[in-house]
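Worksheet for the structure shown next.
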Amino acid sequence: MTNHLFDGLFSDVAPQATLAVLPQGGEWTYADALEYSARLANVLISYGLEPGDRVAVRVPKSIEAVLLYIACVRMGAVFLPLNTAYTGSEVSYFVSDSGASLLVCNPADRTSYSDLALDNNCRLETLGTSADTGLAVGSLIDATGQAEPSFENVDRRASDLAAILYTSGTTGRSKGAMLSHENLLSNSQALKELWQFSKSDVLLHALPIFHTHGLFVAVNVTLLSGGSMIFMSGFNLDAMIEQLPNSTSLMGVPTFYTRLLDDPRFTRQLVAHMRLFVSGSAPLLAETHIQFEETTGHRVLERYGMTETNMNTSNPYEGERRAGTVGFPLPGVVVRISDPDTGKQLVAAPNNAGTGVGMIEISGPNVFSGYWNMPEKTASEFRDDGYFITGDLGKIDADGYLHIVGRSKDLIISGGLNIYPKEIELVIDDQAGVLESAVVGVPHPDFGEAVVAVVVASGDELNSDILAEEIKPLLARFKQPKLIKIVDELPRNTMGKVQKNVLRTHLKDRFSA
Ligand code: AMP
């Protein structure tokens, strides 16, 4: 039997080598991981799951949750991780849209999710972490006790689906990006080579695992290289300072780096032995890049990717890591810049260098096959020749480095998480006393951007505090506005479109330190 992703990821691992060290105590070898994922795969089969079935997972970060992903790969299910900040109504949408056969949630959420599971004909099981012991608990963990420790992997080809990752929807509806075995494997192979990961690497893992960065980039690259991870349950500055001396590499969002730089314990000496610092998911300010080098002597390696495409470009490992750029296309990936309106490729000098600003378009084995159940949306985001229209605006400089200059789709990135204004506007507009709203991202010293809602009342009675309370249960915390401003009218251009740039300019210093 061949299982494309599993066979690739585990092709060169030593059973007794360490896969993960848990700062709270405990260690997992590759042999442990193989056995535990076999048990989990047997448990999933015992639930009646079949290849192609979706397994929705909204659980706190743990190694067992990573092994649940591996178990899905092994038995052919489609792993569907969900942000732990999502509310019940959001989870309900993902379960019903994906037609998930199994929802795995934190034991504490079992009661509140039982109706939504029942309504969607979806089995409900639990996986969490005990507050007392720090060990994994839940019905799924209990079931592994009786399960067989070996498993014959299900045949899976390169084009079979391995995962669905939901992005935020520009029209308010989230879209499930379908990622194949080959999308994931080819990308981790390219990154491993480029970033020179090896068995001697110890990656400090502090990213969430419901997102492509922490799950696919960090975990898959580690597995493929046979290295290990210090597996933290989340970002914690003290724990990170404590663990950096034991690590060789760190993958982070820009907020990690600004927070580390703000801490006097983060010194050149603390990280003198480190091999690599990678940043992505949001722009790393050139200023942060420079300050990081001044403090540590290391240059952060910035890369660019997205849920739909995995990673697209990276600054070089050897050679100049240029601040404010996201480097060159990964091997096998083609990046081109087009006119956003006509789709016509901008004329570039030899090597595709020196373009003007336009839409970034991508093709390669990393690019997803489409949005789950949304053939029209999928068709509208691909060019006829198969290039994916990223929605990011950028240019390629004379030396071939890609610069991202903006987001055509109004995306807000707060604390490394993507937020589409439209989704929040729809919720706000639904509330009593609201005529209309516009949501924008405003520079914020800690989060990169903060969500601000500018709201027009339909009558006299609208209170921003009450409105904030009303929308709280309807939106994940990271999407809730940090400021709600009530105004008489929204600025509009002659075509009647709301001028969000005017709002952004007006509010740009609102959170400055
Ligand atoms: P996600 O789908 O959550 O991974 O978000 C993808 C989006 O994050 C991209 O379309 C970009 O707009 C943005 N992004 C990712 N990496 C970078 C980066 N290094 N610099 C600027 N924006 C980035």
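Computed over Cα pairs, the Kirkwood radius of region 412-507 leads via Stokes-Einstein (1.306 mPa s, 10 °C) to a diffusion coefficient of 117 µm² per second.
Of the beta bridges in the chain, as assigned by DSSP with both residues counted there, near 60 percent are antiparallel.
Using θ = phi - 60° in the Karplus curve 6.51 cos²θ - 1.76 cosθ + 1.60, the 3J(HN,Hα) couplings for region 440-452 round to 10, x, 10, x, 9, x, 9, 8, x, 9, 10, 7, 10 Hz; x is entered for Gly and Pro. Distances between placed amide hydrogens fall under 5 Å for SER279 paired with GLY252, LEU301, GLU302, ARG303, all partners being 5 or more residues away or on another chain. Toward the positive end of the charge dipole of the chain, with +1 on the Cβ of Lys and Arg and -1 on the Cβ of Asp and Glu, the farthest Cα among TYR166, VAL95, TYR401 is that of TYR401.
With the charge dipole of the chain set up from +1 on Lys and Arg Cβ and -1 on Asp and Glu Cβ about the Cα centre, the Cα lying farthest toward the positive end among the listed residues GLY324, ASN312, ALA476 is that of GLY324. What the pair-distance distribution of region 257-407 shows, using all Cα-Cα distances binned every 5 Å from zero, is 2, 9, 18, 20, 17, 12, 9, 7, 4, 2, 0 percent. The charge dipole of the chain, taken about its Cα centre with unit charges on the Cβ atoms of Lys, Arg (+1), Asp and Glu (-1) only, comes to about 760 debye. Sequence-ordered 3J(HN,Hα) estimates for region 42-48 from the Karplus curve with 6.51, -1.76 and 1.60 and θ = phi - 60° stand at 5, 5, 4, 5, 5, 7, x Hz, glycine and proline given as x. Share of carbon and sulfur in the accessible area of the chain stands at 50%, probe radius 1.4 Å. Amide hydrogen proximity for ASN312: with H placed 1.01 Å from N in the peptide plane, the residues at 5 or more positions away or on another chain lying under 5 Å are TYR304, GLY305, MET306. Accessible surface area normalised per residue over region 412-507 is 51 Å², counting heavy atoms of protein chains with a 1.4 Å rolling probe. Diffusion of region 11-72 by Stokes-Einstein, at 20 °C in a medium of 1.002 mPa s and with Rh set to the Kirkwood radius over alpha-carbon pairs, works out to 168 µm²/s.
Every helix of 4 or more DSSP H residues in the chain counts as -39500 (n - 2.57), and over all residues that averages to -8000 deg cm²/dmol at 222 nm. For region 16-125, averaging the sequence separation of C-alpha pairs within contact (under 8 Å, six or more residues apart) and dividing by the residue count gives a relative contact order of 24 percent. Which FRET efficiency, nearest 0.05, do ASP397 and THR87 yield, Cβ-Cβ r, R0 56 Å? Taking R0 as 56 Å, the efficiency between ASP397 and THR87 is 0.85. Relative contact order for region 240-340: 21 percent, from Cα pairs under 8 Å spaced at least 6 residues apart, divided by residue count. Converting phi to 3J(HN,Hα) with the Karplus coefficients 6.51, -1.76 and 1.60 and the offset θ = phi - 60°, region 70-84 yields 5, 4, 4, 4, 5, 9, x, 6, 9, 7, 9, x, 10, 4, 5 Hz in sequence order, with x at every glycine or proline.
Based on C-alpha pairs under 8 angstrom that are at least 6 apart in sequence, the chain has a relative contact order of 12 percent. State log₁₀ I(q)/I(0) for region 280-327 at q = 0.31 Å⁻¹ as given by the Debye formula over alpha-carbon point scatterers of equal weight, solvent excluded. The computed values of log10 I(q)/I(0) come out as -1.17. Database remark: amide H of THR129 closer than 5 angstrom to the amide H of VAL137 (H placed geometrically; neighbours at sequence offset of 5 or more, or on other chains; Pro and chain starts carry no H).
Determine the per residue accessible area of region 4-186 with all protein chains present and a 1.4 angstrom probe, expressed in square angstrom. Value returned for region 4-186: 37 Å² of accessible area per residue.
Modelled spin-label separation between LEU426 and ILE466, with each label point placed 7 Å from Cα along the Cα-to-Cβ direction: 2.6 nm. Taking a straight Cα-Cα cut-off under 14 Å and skipping sequence neighbours fewer than 8 places away in the same chain, the aspartates and glutamates within cross-link reach of LYS395 are ASP339, GLU361. The mean accessible area for residues of region 257-407, using a 1.4 Å probe and ignoring ligands and nucleic acids, is 43 Å² per residue. Of all the Cα-Cα pairs you can form in region 178-319, what percent are over 18 Å apart? Cα-Cα pairs of region 178-319 separated by over 18 Å account for 52 percent.
Would you compute the Debye intensity of the chain from its alpha-carbon atoms alone, equal scatterers and no solvent, and pass along log10 I(q)/I(0) at q = 0.08 Å⁻¹ to two decimals? Values, matching the q order: -0.51.
The values are calculated or read from the model by the stated rules, or taken from the named source; none is laboratory data. Worth saying up front: this structure is predicted, and the values here are computed from it rather than measured. Cβ coordinates were reconstructed from backbone atoms using ideal geometry, including for glycine residues, and neighbour counts include every protein chain displayed. With ligands, DNA and RNA removed, areas are computed over all heavy atoms of the protein, side chains included. Shrake-Rupley method; radii C 1.70, N 1.55, O 1.52, S 1.80 Å.
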